[in-house]
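Reviewing the structure listed below.
The values are calculated or read from the model by the stated rules, or taken from the named source; none is laboratory data. Since the model is a prediction, treat every value here as computed from it, not as a measurement. Glycine gets a Cβ as well: all are built from the backbone with ideal geometry, and neighbour counts include every protein chain shown. Side chains included, ligands, DNA and RNA excluded: accessible areas come from the protein's heavy atoms. Shrake-Rupley method; radii C 1.70, N 1.55, O 1.52, S 1.80 Å.
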Amino acid sequence: RMAKDLVRESKMVRLLATVLCALLSCAEAFRPAPRAWGGHVAARSSVRMAVSKGDLVDAIAARAGVSKKMAGAVLSSALDVIVESVADGNKVSLVGFGTFDSKERAAREGRNPQTGEKMQIAATVAPTFSFGKGFKDACKRSYSASVATRTLNGHEAP
């Protein structure tokens, strides 16, 4: 029985690692191929797409070689644990990806934008996220590649 539990846990850890990798590179995988127009190649970064949770589940299932149901369960569980931890006041740090945290905002005085009257804004707690080095580096590499594509033949693509 313990061996089965260990195997199951190691599968879950691999799936979670796959989830994080998919989050880092999923948007690039779902972008359409560059199109040729007017003698230039459209840069990949000029086409921005929103990646849905279903798209992430598909990518995770394909990379990890598991069913979509299992990938969806792991993704949902990981997100639930992150949200619960941050809501409880804990910091969740995923090396290379980023850090989820919460920040207390003090009460302050503001103005009603319609009337200009002064008003009191209550203290609140807001979730925050700071990007990890791996995440930033992946974005920089993608940006550099798109700039190189846009400047093909010395012409800037619109």
### Task
Restricting attention to the range 65-84, report how many residues are under 18 Å from the mean Cα position of the chain (by Cα) and either open to solvent by less than 50 Å² (accessible area, probe 1.4 Å) or small (Gly, Ala, Ser) (or both).
9
### the range 86-95: number of residues that are surrounded by 15 or more Cβ atoms within 10 Å (Cβ to Cβ) and touching a residue at least 12 places away in the same chain (Cβ under 8 Å)
2
### Message
As an exercise: evaluate Gly154 against (1) within 27 Å of Leu56 (Cβ to Cβ); (2) modelled with pLDDT under 85; (3) among the small types (Gly, Ala, Ser); (4) exposed (fewer than 10 other Cβ atoms within 10 Å of the Cβ) and give the number of the one condition it does not meet.
### Response
(1)
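Among the residues of the range 99-124, count how many are open to solvent by less than 100 Å² (accessible area, probe 1.4 Å) and either touching a residue at least 12 places away in the same chain (Cβ under 8 Å) or within 30 Å of Ala78 (Cβ to Cβ) (or both).
Result for the range 99-124: 10.
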### Query
Between a first residue in the range 66-83 that is touching a residue at least 60 places away in the same chain (Cβ under 8 Å) and a second residue that is surrounded by 14 or more Cβ atoms within 10 Å (Cβ to Cβ) and in a helix (DSSP H, G or I), which pairs have beta carbons less than 7 Å apart while being 6 or more apart in sequence or on different chains?
Val74/Met12; Val74/Leu15; Val74/Leu16; Val74/Val19; Ala78/Leu16; Ala78/Val19
